[in-house]
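Student: Starting off with a structure, shown below.
The values are calculated or read from the model by the stated rules, or taken from the named source; none is laboratory data. Quantities reported herein were computed from a predicted structural model and do not represent experimental measurements. All Cβ positions, even for glycine, are placed from backbone atoms using ideal geometry, and neighbour counts span all protein chains on display.
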Amino acid sequence: MNIDSVNVFCVGNVNGNTAGYPISSSSSRGPSLCGGTGTLLIKPEVSAPGTSIRSTWSGTSYSSISGTSMASPHVAGCIALLKQAAPGLTGKQLKAILLSTTTDLGTAGEDNTYGKGLVDVFRAYKNLGPSVQHTPLTNTENLSGPYAVNSIILPTTGGINPSQTRLFWSRNNVSITDSVLMTNSSGNNWTASIPGNGLTATYRYYIKTTDSSGKTSKSPADAPATLHLFVAQADNQKPVIAHTANCTAKSNMACNGQCSCN
């Protein structure tokens, strides 16, 4: 499957109440008639339970419903859970993890009945890397530094490897040139600093960490293709003009209620 090119994500409907999770007769099969080549023609992308699903219904009632309209919300829920566990990962990355952890059903490999297979959100969760939460540094007038980079790093499984938790940075270079180990200051808080040189400069950086099971995460998630950036430059803040008008009301008799402002 070409992760970059999928614009429509289709979900097959399997019967989760029957051994082997057979595909439902209501579930459409591929290949797609919308064009494309190779695996882009394969539909659906994945499968999920969609037969006899208890769901909210009209008013305040519940009902047992079947169809791909029941299967698709399972996949949306999977992605939502993964995003909650790893908010630093992009949708593209989460989709790749979900697709790589499915249970293959039917014909071996990706096929036009089950797609990549049955989604397994717990298995996908265990394959997530740590969550790296960071508020990027903003432009500053401080030329001398240091510039503290703080991050909350949450492992999904195991712990964080301190020897592989680093801040990568560069000064006036579009490519990363230096790195420094981050320090676990307290709890899930990690910190490191970028030194200044007293001159106007553009700094680029990213954070990378690895957990005890060898899974890696970064901020930005696709670094070093994308980097955090800030500029240190004297007087780089736009001036702000604050003014409160001093008005004296004149009587209606003298000037028809007009005001004279200074």
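Student: Return the pairs, sorted by first residue and then second, in which the second residue is surrounded by 15 or more Cβ atoms within 10 Å (Cβ to Cβ) and among the aromatic types (Phe, Trp, Tyr), the first residue lies in segment 157-177 and is closer than 14 Å to Arg204 by Cα and without any contact (Cβ under 8 Å) to a residue 24 or more places away in the chain, the beta carbons are less than 8 Å apart, and the residues are 6+ apart or on different chains.
Tutor: Thr177/Trp169
Student: Condition (residue is in a helix (DSSP H, G or I) and within 10 Å of the chain's Cα centre (by Cα)) applied to segment 98-110: is it met by at least one residue? Don't jump to the end; show me each part of the working.
Tutor: Our first condition is that a residue be in a helix (DSSP H, G or I); within segment 98-110, this holds for 98-100.
Going one step further and asking which of them are within 10 Å of the chain's Cα centre (by Cα), we end up with none.
For segment 98-110, residues in a helix (DSSP H, G or I) and within 10 Å of the chain's Cα centre (by Cα): absent.
Student: Taking into account only those residues within segment 180-218 that are among the aromatic types (Phe, Trp, Tyr) and more than 18 Å from the chain's Cα centre (by Cα), which is nearest to Ala232 (Cα to Cα)?
Tutor: Within segment 180-218, the first condition is being among the aromatic types (Phe, Trp, Tyr), and the residues that meet it are 190, 203, 205-206.
Applying the additional criterion that residues be more than 18 Å from the chain's Cα centre (by Cα) yields 190, 203, 205.
Working: Trp190: 23, Tyr203: 8, Tyr205: 14 Å.
Checking each candidate, the answer is Tyr203.
Student: Give the number of residues within segment 221-256 that are of a type outside the set (A, V, I, L, M) and at pLDDT 90 or above. It would help to see each step written out before you state the result.
Tutor: Taking segment 221-256 and keeping what is of a type outside the set (A, V, I, L, M), we get 222, 224, 226, 228, 230, 233, 235-239, 243-244, 246-248, 250-252, 255-256.
Narrowing further to those that are at pLDDT 90 or above: 224, 226, 228, 230, 233.
Of the residues in that region, 5 qualify.
Student: Take Thr90 and tell me if it is more than 14 Å from the chain's Cα centre (by Cα), of a type outside the set (A, V, I, L, M) and either crowded, with 20+ Cβ neighbours inside 10 Å or farther than 14 Å from Phe9 by Cα (or both).
Tutor: Details: more than 14 Å from the chain's Cα centre (by Cα): no; of a type outside the set (A, V, I, L, M): yes; either crowded, with 20+ Cβ neighbours inside 10 Å or farther than 14 Å from Phe9 by Cα (or both): yes.
When the stated conditions are applied, Thr90 does not pass them.
Condition check ((1) touching a Ser or Thr at 6+ places or on another chain (Cβ under 9 Å); (2) crowded, with 18+ Cβ neighbours inside 10 Å; (3) of a type outside the set (Asp, Glu)) across all residues:
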position: Thr177; (1), (2), (3): yes, no, yes
position: Ser185; (1), (2), (3): yes, no, yes
position: Leu199; (1), (2), (3): no, no, yes
position: Arg204; (1), (2), (3): yes, yes, yes
position: Ile207; (1), (2), (3): yes, yes, yes
position: Asp222; (1), (2), (3): yes, no, no
position: Thr226; (1), (2), (3): no, no, yes
position: Ala234; (1), (2), (3): yes, no, yes
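Student: Next question, about the same structure. Would a scan of segment 123-146 turn up a residue that is among the hydrophobic types (A, V, I, L, M, F, W, C), within 30 Å of Gln233 (Cβ to Cβ), without any contact (Cβ under 8 Å) to a residue 60 or more places away in the chain and touching a Ser or Thr at 6+ places or on another chain (Cβ under 8 Å)? Steps first, answer last, please.
Tutor: First, the residues of segment 123-146 that are among the hydrophobic types (A, V, I, L, M, F, W, C): 124, 128, 132, 137, 143.
Subsequent filtering for residues that are within 30 Å of Gln233 (Cβ to Cβ) retains 132, 137, 143.
Restricting the remaining residues to those that are without any contact (Cβ under 8 Å) to a residue 60 or more places away in the chain gives none.
No.
Student: Condition check: under 20 Å from Thr107 (Cβ atoms), more than 31 Å from the chain's Cα centre (by Cα) and in a loop (DSSP other than H, G, I, E, B). Does Ser25 satisfy that? Before the answer, list the steps.
Tutor: On the way: under 20 Å from Thr107 (Cβ atoms): yes; more than 31 Å from the chain's Cα centre (by Cα): yes; in a loop (DSSP other than H, G, I, E, B): yes.
The answer is yes for Ser25.
Student: Here's another thing I want to ask about it. May I ask you to verify whether Gly115 is over 27 Å from Ser193 (Cβ atoms), in contact with a Cys (Cβ under 8 Å, 6 or more places away or on another chain), surrounded by 19 or more Cβ atoms within 10 Å (Cβ to Cβ) and not aliphatic (A, V, I, L, M)? Give the derivation first.
Tutor: Details: over 27 Å from Ser193 (Cβ atoms): yes; in contact with a Cys (Cβ under 8 Å, 6 or more places away or on another chain): yes; surrounded by 19 or more Cβ atoms within 10 Å (Cβ to Cβ): yes; not aliphatic (A, V, I, L, M): yes.
Yes, satisfied.
Student: If I filter segment 1-39 down to residues being at pLDDT 85 or above and aliphatic (A, V, I, L, M), which single residue comes out as surrounded by the fewest Cβ atoms within 10 Å (Cβ to Cβ)?
Tutor: First, pick out the residues of segment 1-39 that are at pLDDT 85 or above: 9-32.
When the remaining residues are screened for being aliphatic (A, V, I, L, M), the result is 11, 14, 19, 23.
Numbers: Val11: 24, Val14: 27, Ala19: 6, Ile23: 20.
This residue is Ala19.
Student: Return the total of residues in segment 78-87 being in contact (Cβ under 8 Å) with a residue 40 or more places away in the chain and out of contact with any Gly (no Cβ under 9 Å at 6 or more places or on another chain).
Tutor: Just the residues of segment 78-87 that are in contact (Cβ under 8 Å) with a residue 40 or more places away in the chain, to begin with: 78, 81-82, 85-87.
Among the residues that remain, those that are also out of contact with any Gly (no Cβ under 9 Å at 6 or more places or on another chain) are: 78, 81-82, 85, 87.
Residues in segment 78-87 being in contact (Cβ under 8 Å) with a residue 40 or more places away in the chain and out of contact with any Gly (no Cβ under 9 Å at 6 or more places or on another chain): 5 in total.
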